[in-house]
1. Taking Cα centroids, how far is segment 2-25 from segment 34-58 in Å?
2. Which of 21, 73, 59 moves most in a GNM of the chain, Cα contacts under 10 Å?
3. If the chain between residue 25 and residue 48 were fully stretched, how many nm would it gain, using 0.36 nm times the residue separation less the Cα-Cα distance?
4. Give me the percent of the accessible area of segment 7-106 that comes from carbon and sulfur atoms, probe 1.4 Å, all protein chains in place.
5. Taking 0.36 nm per residue of separation and subtracting the Cα-Cα distance, what length does fully extending residue 80 through residue 17 add?
6. So which trypsin sites (Lys or Arg not before Pro) in segment 83-123 end up in coil per DSSP with only 15 or fewer other C-beta atoms within 10 Å?
7. Of 67, 46, 89, which is the most mobile in a GNM of the chain whose springs link Cα atoms less than 10 angstrom apart?
8. What number of lysine-lysine pairs in the chain show an alpha-carbon separation below 24 angstrom, given a sequence spacing of 8 or more or placement on distinct chains?
Amino acid sequence: QVQLEESGGGLVQPGGSLKLSCTASGLDYRLNALNAMGWYRKAPGKQIELVATITRGGSTNYADSVKGRFTISGNNAKVTVYLDMNNLKPEDTAVYYCNAEALTTTRKRNDYWGQGTQVTVSS
């Protein structure tokens, strides 16, 4: 069973920084290839939105709202993805979810999700 373990959320003042980490385990690499990992977030009353993703090859994608402030990175050997969040704003307050995208040998995509970690930006 695939599990994504997240850590690093918390309460921070505007302008502060936080670092999120997520490690995946339990993926059967005989049947699956990990294609990408990333972070999504859901604020109260809003839909879940993409924050940043990184492919196994290192290509990154960011939401416009976090470009220049957030940096995603990954460690393929540890199957871990990080999200460095700087200059945090109140509008960054949300539950952040780690995502892992895997492809089966028949090219079927499977998405796996962490339980979510709360990030609150407030003075």
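The values are calculated or read from the model by the stated rules, or taken from the named source; none is laboratory data. These numbers come from a predicted model, not from an experiment. FYI the Cβ positions are ideal-geometry reconstructions off the backbone, even for glycines, and counts take in every protein chain you see. In case anyone asks, the SASA skips ligands and DNA or RNA and just uses the protein heavy atoms, side chains included. Shrake-Rupley method; radii C 1.70, N 1.55, O 1.52, S 1.80 Å.
1. Computed from Cα coordinates, the inter-centre distance equals 13 Å.
2. Largest GNM mean-square fluctuation: 59.
3. Length gained between residue 25 and residue 48: 5.9 nm.
4. 50
5. Going from the current span to full extension adds 20.7 nm.
6. Those that pass, being in a loop and sparsely packed, are 107, 108.
7. 46
8. 11
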